[in-house]
Amino acid sequence: MDFPPPPVPPTPHRRPTRSGRGPRHRVLAAASTVLALSALVSCGPAQELSRHDGLAVVHVGHIPVIDAAAFVLAVDKGWFRDEGIDARADATSAGALLTNLINGTDQFALCETAGVVSAYAKGLPVHVIGGVSKAAPRPEDDSGALLVMKNGPVKEPADLNGRTVAVGQLKGGGEVALRAALDRAGADSDRVKILEMPLSDMTAALVKGRIDAMSTISPFDTPALAQGAVRMMSPGVEAAPHGMQMAVATSSVFAKKNPEIVRGFRRALDKGIAYAATHPAEVRKAVPSISPLPKNLISTMKLPVFDASAPRSSLKVWIDLMERYRFLSEPVDVDKLLS
């Protein structure tokens with residue numbers, strides 16, 4: 001699943017944003033990011049908690065995707081305050097999530113599962129404390145989709161061999177899920193040209209024939225479907241059934257020093273996840289505070305599957321997939337990653 005980074009309007013509780021085809025090439029391409037994050041570790045991140053009105057203040061990094069609604073709802077319902085926590089949203093970019101976590105600017109992060117797994121495999125002090133959302137049980141219900149033009153040359157996955165598919169982010173969960181789904185469906189992902197492109201630009205590229213397929217998420221599929229595109233598959237469901245889509249991460253330094261805060265945060269967020277799963281109308285109402293999507297798209301878009309159950313198995317789905325496609329620099333022990 002790809003998590004897009006569109007601009008986010010300022011809100012009262014947010015601080016300003018801070019900001020090779022083969023598997024081995026993908027690992028090498030991430031080297032500069034790893035070195036930068038490793039430098040932060042060596043500097044000794046500050047993890048001291050401040051307090052406000054008797055509550056422990058924690059900053060929670062997230063990007064503007066609908067999965068973050070579970071956190072917003074938990075804040076609004078006062079469930080963090082019940083745990084003695086003043087949880088403050090830090091809307092930021094995907095690239096800054098783990099950086100802010102490691103340097104102590106944020107204490108928690110809601111991030112793409114593949115990203116935190118990859119960081120952990122590279123030796124960075126991050127841990128997953130649970131999940132927020134999962135792939136839907138049925139492709140037609142999932143918010144992710146691979147789209148092609150109805151009247152175009154691509155009729156089945158194998159037709160994409162030698163053709164170009166756009167994804168929101170290379171080296172992430174979207175790419176590994178796409179590769180695995182294509183291979184399972186009879187294509188050869190090594191022969192598919194995978195191109196990184198903003199989700200908002202994909203529809204025009206597909207309609208004009210600059211790409212042959214687009215791997216996207218709701219509601220970015222709506223304009224394409226309206227202009228003659230059709231769903232071919234849902235890569236996340238095909239490749240990582242019941243896999244953890246959005247993870248909750250913290251730094252190992254913070255977790256070791258503040259175990260009660262970590263447990264309280266998890267309990268409060270779990271309430272938000274359960275509430276989001278059973279109150280879709282409330283989730284849609286929360287969207288404007290997370291992402292500047294048009295109102296007409298908010299009312300019709302597919303929502304994530306909010307589900308925090310079975311974190312070990314849902315996390316292992318991604319670890320196994322990333323190891324199989326050599327997206328990891330080192331093997332990952334799911335029990336050590338999941339703290």
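Which residue pairs have Cβ atoms under 7 Å apart, sit 6 or more places apart or on different chains, and have a first residue in the stretch 260-280 that is at negative phi and a second that is part of a helix (DSSP H, G or I) and surrounded by fewer than 20 Cβ atoms within 10 Å (Cβ to Cβ)?
From residues that are at negative phi, the pairs are ALA268/ASP82.
What's the number of the condition ALA310 fails, among (1) touching a helix residue (DSSP H, G or I) at 6+ places or on another chain (Cβ under 9 Å); (2) open to solvent by 10 Å² or more (accessible area, probe 1.4 Å); (3) of a type in the set (A, V, I, L, M)?
So ALA310 meets the others, but not (1).
Which of the residues spanning the stretch 263-300 are among the aromatic types (Phe, Trp, Tyr) and farther than 9 Å from ALA70 by Cα?
If the condition is that a residue be among the aromatic types (Phe, Trp, Tyr) and farther than 9 Å from ALA70 by Cα, then PHE265 is the only one that fits.
With respect to ALA166, determine if the residue is among the hydrophobic types (A, V, I, L, M, F, W, C) and assigned to a strand (DSSP E or B).
Considered against the rule, which asks whether it is among the hydrophobic types (A, V, I, L, M, F, W, C) and assigned to a strand (DSSP E or B), ALA166 comes out as yes.
Would you be able to say whether some residue in the stretch 267-289 is open to solvent by 10 Å² or more (accessible area, probe 1.4 Å), out of contact with any Pro (no Cβ under 9 Å at 6 or more places or on another chain) and part of a loop (DSSP other than H, G, I, E, B)?
yes
On the given criteria, is GLU48 within 29 Å of ALA166 (Cβ to Cβ) and either modelled with pLDDT of 50 or more or open to solvent by less than 30 Å² (accessible area, probe 1.4 Å) (or both)?
For GLU48, the condition - within 29 Å of ALA166 (Cβ to Cβ) and either modelled with pLDDT of 50 or more or open to solvent by less than 30 Å² (accessible area, probe 1.4 Å) (or both) - is not met.
For ALA204, state whether it is within 22 Å of MET322 (Cβ to Cβ) and either open to solvent by less than 50 Å² (accessible area, probe 1.4 Å) or assigned to a helix (DSSP H, G or I) (or both).
When the stated conditions are applied, ALA204 does not pass them.
Check SER118 against each of (1) touching a strand residue (DSSP E or B) at 6+ places or on another chain (Cβ under 8 Å); (2) in a helix (DSSP H, G or I) and name the one condition it does not meet.
Unmet condition: (1).
Could you tell me whether the stretch 253-264 includes any residue that is assigned to a loop (DSSP other than H, G, I, E, B) and either open to solvent by 30 Å² or more (accessible area, probe 1.4 Å) or modelled with pLDDT under 95 (or both)?
no
Report yes if LEU73 is farther than 18 Å from HIS279 by Cβ and either open to solvent by 20 Å² or more (accessible area, probe 1.4 Å) or under 19 Å from the mean Cα position of the chain (by Cα) (or both), otherwise no.
No; evaluated as a whole, the condition is false for this residue.
Looking only at residues that are of a type outside the set (Asp, Glu) and farther than 17 Å from GLY174 by Cβ in the stretch 316-329, which one is most open to solvent (accessible area, probe 1.4 Å)?
LYS316
The rows are residues; the columns are (1) assigned to a strand (DSSP E or B); (2) closer than 28 Å to LEU328 by Cβ.
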{"site": "ASN151", "(1), (2)": "no, no"}
{"site": "ALA158", "(1), (2)": "no, yes"}
{"site": "ARG179", "(1), (2)": "no, yes"}
{"site": "PRO219", "(1), (2)": "no, no"}
{"site": "ALA224", "(1), (2)": "no, no"}
{"site": "MET232", "(1), (2)": "yes, yes"}
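From the list SER143, SER133, which residue is modelled with pLDDT of 95 or more, crowded, with 23+ Cβ neighbours inside 10 Å and not basic (Lys, Arg)?
Selected residue: SER133, the only one of SER143, SER133 that is modelled with pLDDT of 95 or more, crowded, with 23+ Cβ neighbours inside 10 Å and not basic (Lys, Arg).
Just one of (1) within 21 Å of ILE273 (Cα to Cα); (2) surrounded by fewer than 24 Cβ atoms within 10 Å (Cβ to Cβ); (3) in contact with a strand residue (DSSP E or B) (Cβ under 6 Å, 6 or more places away or on another chain) trips up PRO125, so point out which.
It is condition (1) that PRO125 fails.
Of all residues being small (Gly, Ala, Ser) and touching a Leu at 6+ places or on another chain (Cβ under 7 Å) in the stretch 153-173, which is least open to solvent (accessible area, probe 1.4 Å)? Just the residue, please.
ALA166
The values are calculated or read from the model by the stated rules, or taken from the named source; none is laboratory data. Note that the structure is predicted; figures quoted are calculated from it, not measured. We place every Cβ from the backbone using ideal geometry, glycine too, and count neighbours over all the protein chains shown. Please note that ligands, DNA and RNA were not included when accessible areas were found on the heavy atoms of the full protein model with its side chains. Shrake-Rupley method; radii C 1.70, N 1.55, O 1.52, S 1.80 Å.
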